[in-house]
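Report on the following structure.
The values are calculated or read from the model by the stated rules, or taken from the named source; none is laboratory data. Remember, it's a predicted structure, so these values are computed and weren't measured experimentally. When we count neighbours, we look across all protein chains shown, and the Cβ atoms used for this are built from the backbone with ideal geometry, even at glycine.
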Amino acid sequence: MWNRVRFTASNLARSRRFSTAIPGPCIVHKRGADILHDPWFNKDTGFPLTERDRLGLRGLLPPRVISFEQQYDRFLNSYRSLEKNTQCQPENVVSLSKWRILNRLHDRNETLYYRVLIDNIEEFAPIIYTPTVGLVCQNYSGLFRRPRGMYFSAKDKGEMMSMIYNWPAHKVDMIVLTDGSRILGLGDLGVQGIGIPIGKLDMYVAAAGINPRNILPVMLDVGTNNEKLLKDRLYLGLRQPRLEGEEYLAIVDEFMEAVYARWPKAIVQFEDFQMKWAFTTLERYHKRFCMFNDDIQGTAGVALAGLLGTVRAQGRPLSDFVNQKIVVVGAGSAGLGVLKMAIQAVSKMTGCSELAAKSQFFLIDKDGLVTTERNNLDPAAAPFAKNPRDIEGLTEGASILEVVKKVKPHVLLGLSGVGGIFNEEVLKAMRESVSTKPAIFAMSNPTMNAECTAVDAFKHAGENIVFASGSPFENVNLVNGKVGHVNQANNMYLFPGIGLGTRLSGAHLITDGMLQAASECLASYMMEEDILKGILYPSISSIRDVTAEVGAAVLRAAVEEELAEGHGDVGPKELAHMSKEETVEYVRSNMWFPVYSPLVHEK
Ligand SMILES: NC(=O)C1=CN([C@@H]2O[C@H](COP(=O)(O)OP(=O)(O)OC[C@H]3O[C@@H](n4cnc5c(N)ncnc54)[C@H](O)[C@@H]3O)[C@@H](O)[C@H]2O)C=CC1
Ligand SMILES: CC(=O)C(=O)O
Ligand SMILES: [Mg+2]
């Protein structure tokens with residue numbers, strides 16, 4: 001099952017770059033300078049002379065026609081010279097400069113932007129996604145030049161049903177929505193959180209080949225409780241405290257109604273909502289609308305795949321997962337989502353109840369070990385609280401160090417948002433783990449919020465560990481020329497496939513079964529030889545291939561649950577008759593790929 005041959009999407013992209021096949025035409029309703037100012041149609045100096053004549057562009061561009069390949073190389077050369085010229089500058093300054101140069105291309109020429117992104121996703125993901133996207137959100141008001149996506153605010157109550165028609169595209173497949181209340185581990189960033197939906201949707205285009213014309217990043221601005229932003233004269237969002245309770249929900253309800261009135265087939269991904277609203281909105285909408293919460297559900301699937309990988313990395317059968325002792329630090333939307341899915345997996349493997357399955361899991365939040373003795377125990381965390389009878393030698397509120405020393409867990413997994421809490425002492429305590437290959441997952445984002453660095457993990461916890469982080473770190477050089485592999489345990493391995501598979505299935509809901517299929521697919525993606533080296537997740541350069549497989553798994557789960565209604569010309573019966581390989585091929589063939597299409601003007 002684990003041994004099979006793979007191709008990487010970047011190989012495919014490279015071979016396609018020089019393909020001579022003529023793409024189908026694209027209808028444009030504009031002429032002249034309006035085309036040059038529309039990043040979707042713009043080809044910069046790449047417009048052929050005949051097209052310049054047809055579209056009224058003659059004289060609006062320098063005379064020489066530059067090929068797509070030349071434009072591509074020119075962009076990468078200027079990117080590389082920026083890298084060279086900023087070598088001595090602080091890291092944040094360099095990252096923001098890189099983001100700016102990519103963003104300028106995004107604003108000007110989407111075809112070239114997405115081609116550059118797809119071909120070089122491993123290099124550019126840390127710029128358009130975590131960690132740099134966090135920095136971009138923090139500096140959003142200063143960086144703002146042009147709007148991207150839509151903004152619905154508390155002041156728009158009663159207007160959203162008409163406002164949604166202000167969006168220029170007739171069709172929208174994928175929406176990523178945030179209220180900016182918990183941006184990565186950076187807290188409440190209000191309207192500045194729009195960078196997250198933009199970054200996530202860039203990953204949708206790059207990884208899942210969702211057509212960028214059919215994506216929509218959305219900010220629901222219900223105010224902010226961030227005092228610094230409220231006092232900032234340049235802050236671009238509503239300068240009022242966040243709406244709460246029914247007032248808040250009324251805004252989200254109205255937005256969801258408006259979206260589905262205009263685009264009944266759209267999928268809405270909820271992203272970076274503070275915990276109470278993450279759970280409440282998921283519960284409120286998941287049986288009504290085609291939506292999911294990425295932080296709760298996408299993260300859980302990726303973490304579970306990684307946890308199963310650590311079992312294989314120990315050379316043990318997957319069934320041994322039920323014996324793994326796992327300490328989860330962080331009882332927020334992400335941590336609780338992971339616990340829920342992992343416990344369901346144990347229960348499924350053993351046939352025992354979820355109550356019995358949870359005995360191997362330990363949950364820690366800002367007040368320490370969560371037990372039933374906790375005053376004001378959060379109802380969301382309550383199902384995972386330990387009964388003091390079952391934790392001999394530990395008490396309510398025990399620290400991470402105390403828990404690790406006592407439990408000697410196989411896995412220590414952080415989703416706390418607090419940088420460095422897996423300190424030297426905690427990491428050294430992991431040396432006493434009962435596992436032959438203890439695993440440290442420092443999943444919080446961005447980099448400065450990771451529970452520990454890769455270097456510290458290998459240095460203090462030992463060279464035999466398996467390590468994963470939410471944001472990228474370099475592999476670590478160990479003694480004797482060995483390499484400590486760094487995995488990126490990030491929901492980016494799943495959400496693009498969840499969205500794409502759901503869209504192509506035509507399902508109107510996203511079920512636990514579809515999400516579980518996504519996770520199982522990722523878990524089985526890696527080959528044994530890699531897993532034994534501690535490589536739990538595929539390289540980001542193969543993310544299109546991963547996403548095709550995950551998308552197919554989601555689609556097939558929808559078919560099995562009789563939710564698939566088909567997509568375009570492909571009906572539910574045809575989907576049901578596809579073999580597994582045919583489904584993957586079908587998904588792959590529906591991925592958009594950026595090439596310059598001949599433009600045909602129509603009034
Ligand atoms: N790698 C990935 O794919 C993902 C990573 N994340 C990251 O996970 C982090 C948390 O996200 P959410 O769960 O949504 O946040 P949240 O705010 O809902 O939860 C944070 C939790 O951490 C706990 N915590 C805070 N300080 C602590 C301390 N000193 N010791 C132990 N626990 C502490 C809090 O009590 C709370 O339970 C963020 O940094 C986010 O970027 C979230 C989703 C996906
Ligand atoms: C990766 C992600 O979704 C987060 O850190 O919130
Ligand atoms: Mg998130």
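Here is a yes/no grid of residues against (1) within 16 Å of ligand 1 (Cβ to nearest atom); (2) touching a Leu at 6+ places or on another chain (Cβ under 9 Å):
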{"position": "Ile118", "(1), (2)": "no, no"}
{"position": "Ser141", "(1), (2)": "no, yes"}
{"position": "Arg148", "(1), (2)": "no, no"}
{"position": "Ile164", "(1), (2)": "no, no"}
{"position": "Ile175", "(1), (2)": "no, yes"}
{"position": "Asp179", "(1), (2)": "yes, yes"}
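Being within 18 Å of Leu177 (Cα to Cα) and outside any helix (DSSP H, G or I) is a property that Gly237 has.
Tell me yes or no: at least one residue of segment 169-190 is out of contact with any strand residue (DSSP E or B) (no Cβ under 6 Å at 6 or more places or on another chain), more than 16 Å from ligand 3 (Cβ to nearest atom) and of a type in the set (A, V, I, L, M). Yes, that holds for at least one residue. Residue count for segment 421-468, restricted to those that are crowded, with 21+ Cβ neighbours inside 10 Å, in contact with an Asp or Glu (Cβ under 9 Å, 6 or more places away or on another chain) and among the polar types (S, T, N, Q): 1.
Only one of the numbered conditions (1) away from ligand 2 (no atom under 15 Å from the Cβ); (2) surrounded by fewer than 24 Cβ atoms within 10 Å (Cβ to Cβ); (3) closer than 28 Å to Ala398 by Cα is not met by Met275, and that is (1). Residue by residue through segment 366-385, note down the ones that are in contact with a helix residue (DSSP H, G or I) (Cβ under 7 Å, 6 or more places away or on another chain), aliphatic (A, V, I, L, M) and farther than 17 Å from Glu402 by Cα. Residues satisfying the conditions are Ala380, Ala381. Residues that are touching a Cys at 6+ places or on another chain (Cβ under 8 Å) and not β-branched (Val, Ile, Thr), at least 1 per element: which helices (runs of 4 or more DSSP H) completely within segment 146-234 meet that? Counting at least 1 such residues, we get 195-208.
Residues considered: Leu234, Leu216, Leu238. Of these, the only one that is in contact (Cβ under 8 Å) with a residue 12 or more places away in the chain, buried (at least 21 other Cβ atoms within 10 Å of the Cβ) and away from ligand 1 (no atom under 16 Å from the Cβ) is Leu216. Residues of segment 291-327 that are away from ligand 3 (no atom under 16 Å from the Cβ) and hydroxyl-bearing (Ser, Thr, Tyr): Thr310, Ser319.
Here is a yes/no grid of residues against (1) touching a His at 6+ places or on another chain (Cβ under 7 Å); (2) on the phi > 0 side of the Ramachandran plot; (3) in a loop (DSSP other than H, G, I, E, B); (4) crowded, with 17+ Cβ neighbours inside 10 Å:
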{"residue": "Asp34", "(1), (2), (3), (4)": "no, no, no, no"}
{"residue": "Thr50", "(1), (2), (3), (4)": "no, no, no, no"}
{"residue": "Arg58", "(1), (2), (3), (4)": "no, no, yes, no"}
{"residue": "Gln71", "(1), (2), (3), (4)": "no, no, no, yes"}
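Annotation: of all residues in segment 14-49 being β-branched (Val, Ile, Thr) and over 16 Å from Glu602 (Cα atoms), the one that is modelled with the highest pLDDT is Thr45.
Among the hydrophobic types (A, V, I, L, M, F, W, C), over 25 Å from Val136 (Cα atoms), surrounded by fewer than 21 Cβ atoms within 10 Å (Cβ to Cβ) and at pLDDT 95 or above: is that true of Leu249 in this structure?
Numbers: among the hydrophobic types (A, V, I, L, M, F, W, C): yes; over 25 Å from Val136 (Cα atoms): yes; surrounded by fewer than 21 Cβ atoms within 10 Å (Cβ to Cβ): yes; at pLDDT 95 or above: yes.
Taking the combined requirement at face value, the residue satisfies it.
Note on segment 548-583: residues that are among the hydroxyl-bearing types (Ser, Thr, Tyr) and closer than 26 Å to Met203 by Cβ total 1.
Of the residues making up segment 544-584, those that are in a loop (DSSP other than H, G, I, E, B) and either within 26 Å of the chain's Cα centre (by Cα) or of a type in the set (Asp, Glu) (or both) number 7. Among Thr371, Thr350, Thr310, which is the only one that is surrounded by 19 or more Cβ atoms within 10 Å (Cβ to Cβ), among the hydroxyl-bearing types (Ser, Thr, Tyr) and more than 28 Å from Trp277 (Cβ to Cβ)? The match here is Thr310.
Looking across segment 308-337, the residues that are within 13 Å of ligand 1 (Cβ to nearest atom) and in a helix (DSSP H, G or I) come down to Ser333, Ala334, Gly335, Leu336, Gly337.
Is one or more of the residues making up segment 193-212 modelled with pLDDT of 95 or more and more than 18 Å from the chain's Cα centre (by Cα)? First the steps, then the outcome.
Let us first name the residues in segment 193-212 that are modelled with pLDDT of 95 or more, namely 193-212.
Narrowing the set further to residues that are more than 18 Å from the chain's Cα centre (by Cα) leaves none.
No, there is no match, as no residue in segment 193-212 is modelled with pLDDT of 95 or more and more than 18 Å from the chain's Cα centre (by Cα).
Within segment 61-79, residues that are closer than 16 Å to Arg104 by Cα sit with their Cβ atoms under 6 Å from residues that are at pLDDT 95 or above and not aliphatic (A, V, I, L, M), at 6+ positions apart or across chains, in these pairs: Gln71/Gly46. Here Val329 meets the list (1) out of contact with any Cys (no Cβ under 9 Å at 6 or more places or on another chain); (2) aliphatic (A, V, I, L, M); (3) away from ligand 2 (no atom under 16 Å from the Cβ) almost entirely, failing just condition (3). Out of Glu283, Glu254, one residue alone is in a helix (DSSP H, G or I), away from ligand 2 (no atom under 14 Å from the Cβ) and more than 25 Å from Thr511 (Cβ to Cβ). It is Glu254. With respect to the conditions (1) part of a loop (DSSP other than H, G, I, E, B); (2) modelled with pLDDT of 95 or more, Cys88 falls short on a single one, namely (2).
So, of the residues in segment 338-358 that are part of a helix (DSSP H, G or I) and out of contact with any helix residue (DSSP H, G or I) (no Cβ under 7 Å at 6 or more places or on another chain), which turns out to be modelled with the highest pLDDT?
Our first condition is that a residue be part of a helix (DSSP H, G or I); within segment 338-358, this holds for 338-350, 354-358.
Now drop any that are not out of contact with any helix residue (DSSP H, G or I) (no Cβ under 7 Å at 6 or more places or on another chain), which leaves 348, 355-356.
On the way: Lys348: 92, Leu355: 84, Ala356: 84.
Among them, the one singled out is Lys348.
In this entry, Leu112 passes the filter for residues that are in contact with a Pro (Cβ under 8 Å, 6 or more places away or on another chain), modelled with pLDDT of 95 or more, under 27 Å from Arg588 (Cα atoms) and among the aliphatic types (A, V, I, L, M).
Got a sec? Which of Gly417, Gly499 is within 16 Å of ligand 2 (Cβ to nearest atom) and touching a strand residue (DSSP E or B) at 6+ places or on another chain (Cβ under 8 Å)?
Numbers: Gly417 fails: touching a strand residue (DSSP E or B) at 6+ places or on another chain (Cβ under 8 Å).
From the options Gly417, Gly499, the qualifying one is Gly499.
Evaluating Gly393 against the criteria (1) over 28 Å from the mean Cα position of the chain (by Cα); (2) within 16 Å of ligand 3 (Cβ to nearest atom) leaves one unmet condition, (2).
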